[in-house]
1. When the Kirkwood hydrodynamic radius is evaluated over all pairs of different C-alpha atoms of the stretch 66-118, what value in angstrom, to one decimal, is obtained?
2. Using the Karplus curve 6.51 cos²θ - 1.76 cosθ + 1.60 with θ = phi - 60°, work out ³J(HN,Hα) for each residue of the stretch 20-25 in order, rounded to whole Hz, and write x for Gly and Pro.
3. Quick check: Cα centre of the stretch 86-112 to Cα centre of the stretch 34-85, how many Å?
4. Accessible area of the stretch 26-102 with a 1.4 Å probe: how many percent of it is carbon plus sulfur?
5. May I ask you to give the solvent-accessible area per residue for the stretch 58-136, in square angstrom, as obtained with a 1.4 angstrom probe?
6. Can you give me the orientation-averaged projected area of the convex hull built on the Cα atoms of the stretch 40-96, in nm²?
7. Averaged per residue, what accessible area in Å² does the stretch 156-236 show with a 1.4 Å probe, protein chains only?
8. Got a sec to turn the phi values of the stretch 34-51 into Karplus ³J(HN,Hα) couplings, 6.51 cos²θ - 1.76 cosθ + 1.60 with θ = phi - 60°, whole Hz, x for Gly and Pro?
Amino acid sequence: MDERRSPLAAHAASPAELRDRIEAERRGRPFLVLRDHSDPARPQRIVDLEPHATRLSIGRAAQNDIDLPWDTEVSRLHAELEQIGGEWTVSDDGLSRNGTFVNGARISGRHRLRDGDVVRVGRTQLAFKRPEREDSMPTQVAGGAGGRAPVAAGDVPPLQRQVLVALARPYKHDEFAVPATNQQIADELHLSVDAVKAHLRTLFARFGIEHLPQNQKRSRLVAEALQAGLVSVRDL
């Protein structure tokens, strides 16, 4: 198992699942993303961490707040999530037989979670996401957040729409794909790599996602374009 592989990685999600993550992020609350192997039809599972919640149990038994019945390497009661002073933490405290890991390192005692951390219990990985609240994000956000109108087809010049389609092209044959590289887009559209980068920067700003970490922008842009209807599966 590659312990660095996060459930948030672009190749671990279909376009529909990426759209679900966008909606979770827009709610502005911390949440977990994991792959639910008990439900092949809807493998992605999003667990919202409600503001009033103080402690959540993780384990194989159905009585747990986050139950993982498919994973035989998870103890019946494996670990606990606890909110302390507005911050979420994870602890094991000897509850499990196989230990609990954060970003590949076994934890001892309580560990504070930060945006993008990956918790592993047994063979299951749970990615922790702490999005910025909508009222603290830039106003240029697709979908009307912050008073900004949704991005429409007429708002995006034809060449930039071609860049969007080329960026999403790998999803045509593989719903777990990775967005196309700058070089792949440049080769398809007969542009320079610098021109592709310039178009992407403009698109990041237009969709209000320029504040995201670099490794999240491309998959988020694909998801936003699909959600807004600027790119459809037929286009790919």
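1. Kirkwood radius, the stretch 66-118: 11.8 Å.
2. My calculation for the stretch 20-25 gives 4, 5, 4, 4, 5, 5 Hz in order.
3. 14 Å
4. The C+S portion of the solvent-accessible surface of the stretch 26-102 is 47 percent.
5. 47 Å²
6. 4.5 nm²
7. With the other protein chains kept in place, the stretch 156-236 gives 49 Å² per residue.
8. 9, 9, 8, 7, 8, 9, x, 6, 9, x, 7, 10, 10, 10, 6, 9, 5, x
The values are calculated or read from the model by the stated rules, or taken from the named source; none is laboratory data. In this text the structure is predicted, and so the values were computed from the model without any measurement. The accessibility values were calculated without ligands, DNA or RNA, using every heavy atom of the protein model including side chains. Shrake-Rupley method; radii C 1.70, N 1.55, O 1.52, S 1.80 Å.
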